[in-house]
1. Compute the length gained on full extension between R262 and D55: take 0.36 nm times their separation in residues and subtract their Cα-Cα distance, giving the result in nm to one decimal.
2. Which order do the peptides 214-225, 357-368 take when ranked by the mean count of other beta-carbon atoms within 10 Å per residue, highest first?
3. Students often get this wrong, so check it: of K106/K184; K150/K207; K288/K343, which have C-alpha atoms separated by over 26 Å?
Amino acid sequence: MNNNIKSSKISAILFLIFIFSISLLYIFLPGKEYSETEKRYLSQFPQLSFQSVKDGSFEQGFEKYLADQTPFRSFFVSVNSYYELLKGNNGSSGVYLGKNGWLIEKPFARQNNFDRNLCRVNDFAKTSGIPSYLLIVPTKGSIYTEYLPKNSLKYNDIELINSIDNRAPELNNINIVTSFEKNKKSNLLYYKTDHHWTSEGAFIAYKSICNALGFDAADESLFSKEIIKDFYGTSFSTSCYTLTEPDTITLMRNKKNNGKARVIIEDGSKPEEYNNMFFEDALETADKYIVFLNGNHGLERIITGNEGGKLFLIKDSFAHCMAPFLAENFSEIVMIDLRYYKKSVSQLIENEKPSQILFLYGIDTFAESNDIILK
């Protein structure tokens, strides 16, 4: 009996020491604004006021602050991911831990949005009167099925992409499924720790685009290759499977100009101009993928210096490492991201007078987005 009482006292004391230590760490450790592991901004201490206490916003904000600013948060989040894995729950935050270190997003669930967005894009192509093309990039889970864990959910990507021809007659469907399945063993088409395709995967898709548009694709020998190590992508950040090995990024640059072109970002009131499609400062940050065209922007223009027409590219971030290849076939590329560009697309096209329109989306974005509004 005495031993039980003694043991209970020791446990209580250890628990109090733990709580006291954590409290001190909250007080004395500097708060973090950004989590490099999760690639997101963390909640800060909420504003304290009579109104915020009354309406409950302070309490909600304080709970988020405690969760986000937990000392050694990244460690505990990672431990929880692997604990769930040991329990048989493979799919931390929607990401499978696959074979050979592959982190693979679970299938998207909102097929109704795919149907709606396909209808919108098809109607817009009909109205524009400009040759319009659609390239939907399948998820890596639908291509690299051999790396999926047991009992993973079914991917419908290929069936949806193959159905576009019959369902969107105004669009020229650039179907890369067969090409990707043919090349997946000889080329790493997607990053293991990120949902995007690699530069090698984008180049294979580039050849399909050129074939559809009637152009001669630039030869791969035209591009130099620089390997960037220690890349951890969004799949890694989302899942927190922190024992996963990093990827490498391949920068493929035209040997004649090393990727130089006039890049004009027109998000703000004053356009920002750069002289290169590769933003190498990003390679010193946690988000190395924005080395391609400086990440997401509402409106971005590339003046290539090459001969050719003007391409109007409506896209998500899959287009960023594709643009240096397309620059070989066009004198100008106007890129818009409908998540950020909220002005009239029809008016912009009327002003720009492009020779072709290309819609380029990852299938998960295309199937889940509420931002594909074309007016």
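1. On the way: separation 207, 0.36 × 207 = 74.52 nm, distance 5.02 nm.
Going from the current span to full extension adds 69.5 nm.
2. Numbers: 214-225: 13.4, 357-368: 22.8.
Answer by packing, highest mean first, reads 357-368, 214-225.
3. Details: K106/K184 20 Å; K150/K207 34 Å; K288/K343 29 Å.
Among K106/K184; K150/K207; K288/K343, the Cα-Cα distance tops 26 Å for K150/K207; K288/K343.
Each value in this text was obtained by applying a stated rule to the coordinates, not by laboratory testing. Quick caveat: nothing in here was measured; it's all calculated off a predicted structure. Cβ sites come from the backbone with ideal geometry, for glycine too, and all protein chains shown count toward neighbours.
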